[in-house]
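Enquirer: Starting off with a structure, shown below.
The values are calculated or read from the model by the stated rules, or taken from the named source; none is laboratory data. Because the structure is a prediction, the values reported are computed rather than measured. All Cβ positions, even for glycine, are placed from backbone atoms using ideal geometry, and neighbour counts span all protein chains on display. Areas reflect the complete protein model, heavy atoms only, side chains present, ligands, DNA and RNA absent. Shrake-Rupley method; radii C 1.70, N 1.55, O 1.52, S 1.80 Å.
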Amino acid sequence: MTSDFYKKIIVSVIFIIFFYPCFLNSQSCLKEINYFQNKFNIPNDILYAIALTESGRFYKNEFIPWAWTVNVKGSGKFFSNKSDLDKFINNQKNNTQNIDIGCMQINYFYHGEDFEDTKTMSVPKKNVEWAAKHIIKLFEKNKNWDEAIGKYHSFRKKKMKTYLKKVEANISLIQKRLESRKISKSEKPKIVA
């Protein structure tokens with residue numbers, strides 16, 4: 001076998017090790033969001049828009065929710081894989097419990113007891129399922145999607161209003177992408193910057 005063959009193998013292995021986790025991450029939130037949004041009949045891409053508001057980032061010219069995201073005391077960080085995220089969270093737990101975790105940025109201090117541990121909180125399926133159930137509870141209690149969306153973030157009126165505007169902007173972005181691509185509502189777009 002030639003040295004070119006071995007070089008191609010080495011480059012392929014390096015690509016898989018370093019970039020495949022990012023590719024999986026870019027799809028993991030969207031897959032779970034689509035599933036739970038449909039399962040719980042959450043209208044108008046609300047769950048998707050909340051995820052973009054909470055953990056959205058640009059990756060390969062797409063604005064997507066990012067699974068390996070954490071926010072500590074207002075400072076957001078994006079990781080390339082779950083292992084790095086979990087290590088960071090584990091180190092932070094000794095300093096603060098005000099940590100928002102994962103696709104839907106669930107707060108450890110307020111909602112950590114709903115999960116086995118922080119590693120479970122950062123699993124996209126568990127993270128998005130909890131958020132979907134939470135937004136449904138907020139809607140059932142308030143009988144109003146705007147109130148539910150605002151209270152997903154905060155119970156303070158001013159923060160609720162600001163947050164709702166951000167989510168509405170992301171709903172609009174999602175809908176514009178659907179229209180521009182002329183695809184059905186059952187297909188979810190890749191949000192291109």
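Enquirer: Restricting attention to the range 117-151, which residues are among the basic types (Lys, Arg) and either open to solvent by less than 20 Å² (accessible area, probe 1.4 Å) or more than 25 Å from residue 27 (Cβ to Cβ) (or both)?
Expert: Answer for the range 117-151, where residues must be among the basic types (Lys, Arg) and either open to solvent by less than 20 Å² (accessible area, probe 1.4 Å) or more than 25 Å from residue 27 (Cβ to Cβ) (or both): 137, 141, 143, 151.
Enquirer: Over 25 Å from residue 162 (Cα atoms) and among the aromatic types (Phe, Trp, Tyr): is that true of residue 109 in this structure?
Expert: Spelling it out, it is not the case that residue 109 is over 25 Å from residue 162 (Cα atoms) and among the aromatic types (Phe, Trp, Tyr).
Enquirer: Within the range 67-87, count every residue that is of a type outside the set (Lys, Arg) and more than 16 Å from residue 126 (Cβ to Cβ).
Expert: 11
Enquirer: Name the residue that is nearest to residue 75 (Cα to Cα), counting only residues in the range 88-132 that are within 16 Å of the chain's Cα centre (by Cα) and of a type in the set (Gly, Ala, Ser).
Expert: So the residue we want is 102.
So that you can scan it fast, the table gives a plain yes or no per residue for (1) of a type outside the set (D, E, K, R); (2) within 21 Å of residue 34 (Cα to Cα); (3) out of contact with any strand residue (DSSP E or B) (no Cβ under 9 Å at 6 or more places or on another chain):
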{"residue": "62", "(1), (2), (3)": "no, yes, no"}
{"residue": "74", "(1), (2), (3)": "yes, no, yes"}
{"residue": "80", "(1), (2), (3)": "yes, no, yes"}
{"residue": "92", "(1), (2), (3)": "yes, no, no"}
{"residue": "133", "(1), (2), (3)": "no, yes, yes"}
{"residue": "142", "(1), (2), (3)": "yes, no, yes"}
{"residue": "158", "(1), (2), (3)": "no, no, yes"}
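Enquirer: For the structure I just gave you, tell me whether residue 90 is open to solvent by 20 Å² or more (accessible area, probe 1.4 Å) and closer than 21 Å to residue 179 by Cα.
Expert: no
Enquirer: Within the range 38-54, take every residue that is modelled with pLDDT under 95 and open to solvent by less than 50 Å² (accessible area, probe 1.4 Å) and give me the one that is farthest from residue 96 (Cα to Cα).
Expert: 43
Enquirer: A further question on this structure: Which residues, counting only those in the range 152-171, are among the small types (Gly, Ala, Ser) and either open to solvent by 30 Å² or more (accessible area, probe 1.4 Å) or more than 19 Å from the chain's Cα centre (by Cα) (or both)?
Expert: 169
Enquirer: Also, I was wondering about something else. Among the residues of the range 55-75, how many are part of a strand (DSSP E or B), in contact (Cβ under 8 Å) with a residue 12 or more places away in the chain and open to solvent by 50 Å² or more (accessible area, probe 1.4 Å)?
Expert: So the count comes out to 2.
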